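Q: Handing you a structure now.
The values are calculated or read from the model by the stated rules, or taken from the named source; none is laboratory data. Values in this document were obtained by computation on a predicted structure and should not be read as measured data. Don't worry about glycine lacking a Cβ; one is built from the backbone with ideal geometry, like all the others, and counts go over all protein chains shown.
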Amino acid sequence: MKIINLWSSPRNISTALMYSFAQRPDTTVVDEPLYAYYLANTNSEAAHPGVPDIMASQSADGDEVVTQVILGSHYPTPVVVHKQMTHHLLDLNRSFLHQCANVMLIRDPRAILASYTKVIQQPTPFDIGIPQQDDLYAYLKEHQLLKAIVDARVLLQNPRGILQKLCDRLEIPFTEKMLTWPAGALPEDGVWAKYWYSNVHASTGFKPYQEKLIELPAHLEEIARECQPAYERLLREELLVR
């Protein structure tokens, strides 16, 4: 079985990429298996919508999630893709990453903040996961566990080409099925989907990239400036040719 982790910051077309992989007949997708673990071990509960439902829907024991969900052997397909938020990893033992193919999905922090604050108004840099992405990147690179870094803008500019390259890196065949999906929810959606997934539920594929003028209030601009160097480091190391 091939186990793939898509490590993303929030509001980063990661759900669309999960929907893309869900169209593959050889693949099972799992939506943010470490969300309850993250909530149980941070002070973020008040800021996140639907916490009681999230906690009831999955285990908050990180080690249990790793052994039974991420590395579980019960899946009916030879490929399993876990959509993961990098900030959910916290201090969990990272040894399981050595049994997985790991991909990082990155996005300009200003674009992340413009979208994220529609749901959570007062984020910190750690809420949007970019410092954690920088740290995880260093670990994955050191141990040669990183298959690809994909920038959201680049993916939207050329979905077919980037997905073909990504599948090649992951050593799985590309299929045209990955380019479109039916409108509406996936059965695999987490219970938090109603708060976060309205755009992807209305879509039937990757929306063409459009440059947008983003204006942020001063406190969010400060966060964006703090996160920008880490994002640019990852962007320079992007592993898929544009």
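Q: Looking at the range 215-242, which of the residues that are in a loop (DSSP other than H, G, I, E, B) and over 18 Å from residue 114 (Cα atoms) is modelled with the lowest pLDDT?
A: If we take residues in the range 215-242 being in a loop (DSSP other than H, G, I, E, B) and over 18 Å from residue 114 (Cα atoms), then 242 is modelled with the lowest pLDDT.
Q: Going by what's in this entry, would residue 200 be described as surrounded by 14 or more Cβ atoms within 10 Å (Cβ to Cβ), in contact (Cβ under 8 Å) with a residue 40 or more places away in the chain, among the aliphatic types (A, V, I, L, M) and not in a helix (DSSP H, G or I)?
A: no
Q: Any residue at all in the range 180-203 that is on the phi > 0 side of the Ramachandran plot and at pLDDT 90 or above?
A: Within the range 180-203, one or more residues are on the phi > 0 side of the Ramachandran plot and at pLDDT 90 or above.
Q: Could you list, in sequence order, all residues of the range 167-214 that are among the basic types (Lys, Arg) and closer than 20 Å to residue 112 by Cα?
A: 194, 207, 212
Q: Now a separate question. If I filter the range 114-131 down to residues being over 15 Å from the mean Cα position of the chain (by Cα) and touching a residue at least 40 places away in the same chain (Cβ under 8 Å), which single residue comes out as surrounded by the fewest Cβ atoms within 10 Å (Cβ to Cβ)?
A: 122
Q: Can you report the number of residues in the range 54-93 which are of a type in the set (S, T, N, Q), out of contact with any Gly (no Cβ under 6 Å at 6 or more places or on another chain) and within 24 Å of residue 194 (Cα to Cα)?
A: Of the residues in the range 54-93, 4 are of a type in the set (S, T, N, Q), out of contact with any Gly (no Cβ under 6 Å at 6 or more places or on another chain) and within 24 Å of residue 194 (Cα to Cα).
Q: Shifting gears a bit: I need the full set of residues from the range 87-111 which are in contact with a Ser or Thr (Cβ under 8 Å, 6 or more places away or on another chain), under 12 Å from residue 14 (Cβ atoms) and either at pLDDT 95 or above or hydrophobic (A, V, I, L, M, F, W, C) (or both), in order please.
A: Once the filter is applied, which keeps residues that are in contact with a Ser or Thr (Cβ under 8 Å, 6 or more places away or on another chain), under 12 Å from residue 14 (Cβ atoms) and either at pLDDT 95 or above or hydrophobic (A, V, I, L, M, F, W, C) (or both), the range 87-111 yields 104, 105, 106.
Q: Report yes if residue 108 is surrounded by 18 or more Cβ atoms within 10 Å (Cβ to Cβ), within 30 Å of residue 57 (Cβ to Cβ) and either in contact (Cβ under 8 Å) with a residue 12 or more places away in the chain or in contact with a strand residue (DSSP E or B) (Cβ under 7 Å, 6 or more places away or on another chain) (or both), otherwise no.
A: On the way: surrounded by 18 or more Cβ atoms within 10 Å (Cβ to Cβ): yes; within 30 Å of residue 57 (Cβ to Cβ): no; either in contact (Cβ under 8 Å) with a residue 12 or more places away in the chain or in contact with a strand residue (DSSP E or B) (Cβ under 7 Å, 6 or more places away or on another chain) (or both): yes.
Taking the combined requirement at face value, the residue does not satisfy it.
Q: I've got another one for you. May I ask you to list the residues in the range 4-27 that are surrounded by fewer than 19 Cβ atoms within 10 Å (Cβ to Cβ) and more than 18 Å from residue 205 (Cα to Cα)?
A: Passing the criteria: only 26.
Q: Could you pull out the residue among 58, 68, 84 that is in contact with a strand residue (DSSP E or B) (Cβ under 6 Å, 6 or more places away or on another chain) and within 19 Å of residue 191 (Cβ to Cβ)?
A: 84
Q: Pick out, from the range 4-104, the helices (runs of 4 or more DSSP H) lying fully within it that include 1 or more residues that are in contact (Cβ under 8 Å) with a residue 24 or more places away in the chain and farther than 30 Å from residue 159 by Cβ.
A: Working: elements: 14-22, 35-40, 51-57, 62-65.
In the range 4-104, 35-40, 51-57, 62-65 are the helices (runs of 4 or more DSSP H) which contain 1 or more residues that are in contact (Cβ under 8 Å) with a residue 24 or more places away in the chain and farther than 30 Å from residue 159 by Cβ.
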